[in-house]
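Below is one structure, written out as structure tokens; the observations come after it.
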Amino acid sequence: LAYSKNAIVINSFSKYYSMSGWRLGWMVIPKDLIDPINCLQQNMFINAPTISQTAALKCWDKETIAELEKHVEKYRASRSIILDELSAFSELDPANIAPADGGFYVYVDLGENNVAPGLGSVAMCKALLEEENVAFTPGNDFEDPSGNLGDRRFRISYAGGIETAKRAMERFYKFWPTWMERVQAAR
């Protein structure tokens with residue numbers, strides 16, 4: 001509200017405060033919207049659980065903020081590892097790699113040349129999990145189901161930690177040539 005009397009800020013405790021699943025958020029709104037938003041929320045839910053609200057109050061303590069900033073540094077390091085490793089994959093167009101600015105994920109589009117009929121991101125993620133014990137998430141849950149982009153894209157989480165990111169990317173790098181062989185054989 002320091003920048004505009006009409007600003008509305010909606011946020012949650014999920015990501016930065018490591019409280020995903022607690023379903024707790026907050027809003028900063030102009031005074032004239034308080035009553036209408038209260039009326040709206042009364043029809044959507046009653047209130048967040050008391051324990052969630054109590055826990056959230058600790059989020060602004062100096063010690064909590066210091067700890068959370070350490071988490072952010074770990075995420076930044078893991079994200080950097082993943083992006084650096086992906087740059088070694090000559091078949092992946094750097095323009096098809098989308099690092100998240102506010103989440104824990106890197107979103108990758110395999111491109112048309114790295115998939116074949118029946119061998120899209122769903123098959124790749126399944127094979128990677130079964131063969132290398134690495135779990136990436138196929139993009140079909142994040143794309144319009146009427147198109148085919150979901151089976152070309154996948155998501156890599158970097159919330160698991162620095163060592164996990166290193167091991168996962170080493171295994172993915174080892175797996176990648178076998179994936180490309182399958183795709184070429186299917187064409």
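Mind counting the residues in segment 2-15 that are exposed (fewer than 12 other Cβ atoms within 10 Å of the Cβ) and either part of a loop (DSSP other than H, G, I, E, B) or in contact with a Cys (Cβ under 9 Å, 6 or more places away or on another chain) (or both)?
Count: 6.
Please state which one of A48, A100 is in contact with a Leu (Cβ under 6 Å, 6 or more places away or on another chain) and at pLDDT below 85.
The conditions single out A48.
In segment 16-28, is there at least one residue being of a type in the set (D, E, K, R), surrounded by 10 or more Cβ atoms within 10 Å (Cβ to Cβ) and part of a helix (DSSP H, G or I)?
No, there is no match, as no residue in segment 16-28 is of a type in the set (D, E, K, R), surrounded by 10 or more Cβ atoms within 10 Å (Cβ to Cβ) and part of a helix (DSSP H, G or I).
In this structure, does M180 turn out to be open to solvent by less than 20 Å² (accessible area, probe 1.4 Å), farther than 30 Å from K58 by Cβ and assigned to a helix (DSSP H, G or I)?
So M180 does not fit the description; no.
Please determine, by comparing only the residues of segment 126-157 that are open to solvent by 30 Å² or more (accessible area, probe 1.4 Å) and among the hydrophobic types (A, V, I, L, M, F, W, C), which one is farthest from I82 (Cα to Cα).
Of everything passing the filter in segment 126-157, L149 is farthest from I82 (Cα to Cα).
Considering only segment 29-77, state which residues are free of Cβ contacts under 8 Å to residues at least 24 places away in the same chain, under 20 Å from F104 (Cβ atoms) and open to solvent by 70 Å² or more (accessible area, probe 1.4 Å).
E67, E69, K70, E73, R76, listed by residue number.
Here's a check for you: in segment 77-136, which residue that is part of a helix (DSSP H, G or I) and of a type in the set (S, T, N, Q) is nearest to Y17 (Cα to Cα)?
Here the residue is S78.
Given the criteria among the aromatic types (F, W, Y), out of contact with any His (no Cβ under 9 Å at 6 or more places or on another chain) and either surrounded by 16 or more Cβ atoms within 10 Å (Cβ to Cβ) or under 27 Å from P138 (Cα atoms) (or both), does Y107 qualify?
Yes, satisfied.
The values are calculated or read from the model by the stated rules, or taken from the named source; none is laboratory data. Predicted model only: the values in this text are computed from it and were never measured. Quick reminder, even Gly has a Cβ in these numbers, built from the backbone with ideal geometry, and neighbours come from all protein chains shown. Surface areas here come from the heavy atoms of the whole protein model, side chains and all, with no ligands, DNA or RNA. Shrake-Rupley method; radii C 1.70, N 1.55, O 1.52, S 1.80 Å.
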